[in-house]
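The structure appears right after this line, and notes come after that.
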Amino acid sequence: MLLTPVSAPEDALSPAMLMIEEFSHRALNDYTGAIGMLHLAANKLGDPAARAALQDAAQSLHDRAQTFRVLRAPSEKGLLNLADYLQTVCQTLSSACLAGTGIRLTLIRETIQLPADQCWRIGLALSELIMNAARHGLRWEEGDIRVEMSVGDIEVCCAVTDNGCPTALPGVGRGRRIISALVAGMGGRADWTFGPDGACATVQIPRPTNSIFDFTAISQR
């Protein structure tokens, strides 16, 4: 009996993307399980204050799971609006991680459509830069983080600045290496500058020939 070979579907995931999707799926399942356990434990408590504390913890985990969902690898190919995608990332980080800290996150956006995979990689890099600014630059205290997009004829640039005051220049840790690798994978570069008035990290990638650019720019806080 002869078997007819069956080709993989065109949208089949590569082995690397399949592993990323599997990891994301497992992580979200773990979040869901932990949230469910906290709710069950809260329902068994008679002390209202203790019950409220567990419910708050469950809500915090739920919010952080949302950041994980937003930053999942795209399931479809094609173009995405980078400005809309980064707005969703910034809004989710603000509500899930920065709420209650006094840190204000502002996005200055210029609309451009890029391949979904590039939008995802840029989102990963910028989310790491935003959290680094909150953790190291502002130390979770009141301050401002600004994400600004700019689109040139040959490059797309995203800059993340904060008005913190680091006591010493940070070393090149795992986060910076990951960001540099993500950006290098798109043929771009990442640079950091540090000064007494804060830090600035820039991500620059070549503008794809199939990108679509709209010259509108708004501020999203």
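Every number here is computed from the coordinates shown, using simple stated rules; none is lab data. Please read all numbers here as calculations on a predicted model, not as lab measurements. Reconstructed Cβ throughout: ideal geometry from the backbone, glycine too, with neighbour counts over all protein chains shown.
For residue 56 and residue 84 in the same chain, what is the full-extension length gain: residue separation times 0.36 nm, less their Cα-Cα distance, in nm?
7.2 nm
At a 10 Å Cβ-Cβ cut-off, how would you order 60, 75, fewest neighbours first?
Exposure proxy ranking, most exposed first: 75, 60.
Among 149, 37, rank each residue by its count of other Cβ atoms within 10 Å, from fewest to most, as a rough exposure measure.
37, 149
In nm, to one decimal, how far is the modelled label at residue 106 from the one at residue 40, with both set 7 Å along Cα→Cβ?
My value for the distance between the label points is 4.7 nm.
Taking the number of other C-beta atoms within 10 Å as the exposure measure, put 155, 76, 110, 142 in order starting with the fewest.
Going from least to most buried by this count: 76, 142, 155, 110.
Which of 54, 160, 182 sits farthest toward the positive end of the charge dipole of the stretch 23-182, with +1 on the Cβ of Lys and Arg and -1 on the Cβ of Asp and Glu?
Farthest along the dipole direction, towards plus: 54.
I'd like to know how the stretch 124-201 sits against the 2.2 N^0.38 Å rule of thumb: what's its Cα Rg over that expected value?
1.09
Between residue 177 and residue 32, take the C-beta separation as r, use R0 = 30 Å, and let me know the FRET efficiency to the nearest 0.05.
0.45
Tell me, what is a quarter of the convex hull surface for the C-alpha atoms of the stretch 79-220, in nm² with one decimal?
Taking a quarter of the hull surface, the average projection is 7.8 nm².
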